[in-house]
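Asker: I have a structure I would like to understand better, so I am pasting it below and will then ask my questions one at a time.
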């Protein structure tokens with residue numbers, strides 16, 4: 001079904017291109033429809049209030065800046081104060097550590113646009129069962145199946161620290177103290193990963209003053225996401241949208 005926002009159609013080829021950025025979603029195609037519908041909704045609002053011209057909105061490279069200006073004007077994000085930052089720091093101390101290292105390897109089953117996701121997932125799950133049953137075969141299977149250049153080195157990624165990988169992969173690496181083969185596939189925007197953790201080297205706890213800017217950034221992003229969700233709901237309620245459901249504020253808002 002064609003996606004339209006107040007009569008403006010979103011080309012199917014644009015949805016196909018966008019889907020590659022939502023491979024970690026349950027349905028990359030649906031997530032892409034939601035993201036592009038929201039994008040169009042916001043750009044239409046920017047034009048309606050004179051914040052951008054149709055020509056400016058047609059320039060894809062400048063669209064993100066237009067949307068940022070729109071949100072800054074109509075859905076501003078307040079800065080978190082010291083009390084809020086300190087409370088967050090005390091609730092989640094493990095998030096604010098420096099120097100934690102994980103020596104890891106992976107086998108990547110890449111998902112690319114128009115790729116048969118179910119078939120790739122099936123192969124990844126089958127390989128994971130083999131690796132769990134015979135961990136000594138990890139390097140062999142990585143060299144055979146991995147779509148990452150590290151496959152040539154048995155999947156070895158060396159030592160990793162926080163901030164060096166995409167958030168989904170980092171969460172799997174640093175979200176537990178486990179070593180060995182992780183029992184579940186790790187899904188990221190690149191595809192499905194089988195992950196092996198050889199060893200962990202703990203770092204040190206950061207003090208509040210050192211962590212404050214990072215905490216403020218995290219809190220600001222959370223508030224901004226919530227405010228944008230509510231703002232999009234208001235715009236969607238006033239619009240005529242077909243081909244996609246923006247009911248629960250369609251969480252993959254924008255990339």
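No value in this document is a laboratory result; all are computed from the given coordinates. None of these values were measured; they are calculated from a predicted model. Glycine also receives a Cβ, built like all others from the backbone with ideal geometry; neighbour counts cover every protein chain displayed.
Asker: If each Cα of the range 61-141 is one equal point scatterer, what is log10 of I(q)/I(0) from the Debye formula at q = 0.11, 0.23 Å⁻¹?
Answerer: One equal scatterer on each Cα of the range 61-141 leads to -0.77, -1.05.
Asker: Right, next: Using Cβ contacts closer than 10 Å as the measure, can you line up 194, 67, 241 from fewest to most?
Answerer: The most exposed by this proxy come first: 241, 67, 194.
Asker: Where does helix 28-48 land angle-wise versus the long Cα axis of the chain, in degrees 0 to 90, nearest 10?
Answerer: Around 30 degrees separate the two axes.
Asker: Which angle from 0 to 90°, rounded to the nearest 10, does the C-alpha axis of helix 117-133 make with the longest principal axis of the chain?
Answerer: 30 degrees
Asker: Related question: For the range 7-22 and the range 143-178, what is the separation of their C-alpha centers, rounded to whole Å?
Answerer: The range 7-22 and the range 143-178 have Cα centres separated by 30 Å.
Asker: Arranged from highest to lowest average of other beta-carbon atoms within 10 Å per residue, in what order do the peptides 225-232, 40-47 appear?
Answerer: Ranked by mean Cβ neighbours within 10 Å, highest first: 40-47, 225-232.
Asker: What's the exposure ranking of 61, 100, 207, going from fewest to most Cβ atoms within 10 Å?
Answerer: With the sparsest Cβ surroundings first, the list reads 61, 207, 100.
Asker: Please determine, in degrees from 0 to 90 and to the nearest 10, the orientation of helix 208-238 with respect to the longest principal axis defined by the Cα atoms of the chain, where the helix direction is its Cα long axis.
Answerer: For helix 208-238, the angle is close to 50 degrees.
Asker: Just want to confirm a number: the relative contact order over the range 75-204, from Cα pairs under 8 angstrom separated by 6+ residues, in percent.
Answerer: 37 percent
Asker: Can you tell me the relative contact order of the range 1-100? Whole percent, Cα pairs under 8 Å, sequence separation 6 or more.
Answerer: Here the relative contact order equals 15 percent.
Asker: Also, I was wondering about something else. May I ask you to derive the relative contact order of the chain, considering only C-alpha pairs under 8 Å and at least 6 residues apart, and to give it as an integer percent?
Answerer: Details: 362 pairs, mean separation 77.7, N = 255.
After rounding, I find 30 percent.
Asker: Per DSSP H run of at least 4 residues, take -39500 (n - 2.57); add these up for the chain, divide by its residues and hand me the 222 nm value, nearest 500 deg cm²/dmol.
Answerer: After summing the helix terms and dividing by residue count, I get -15500 deg cm²/dmol.
Asker: Rank the residues 77, 188, 179 as a footprinting-exposure proxy: fewest other Cβ atoms within 10 Å of their Cβ go first.
Answerer: Ordered by Cβ neighbours within 10 Å, fewest first: 179, 77, 188.
Asker: Once you put a point 7 Å from the Cα of residue 225 and another 7 Å from the Cα of residue 114, both along the Cβ direction, what distance in nm separates them?
Answerer: Result: 3.2 nm between the two label points.
Asker: Which entry in [x] 27, 19, 19; [y] 33, 21, 16; [z] 37, 27, 13 matches semi-axes √(5λ) of the Cα gyration tensor in Å derived from the coordinates of this structure?
Answerer: From the options [x] 27, 19, 19; [y] 33, 21, 16; [z] 37, 27, 13, the structure gives [z].
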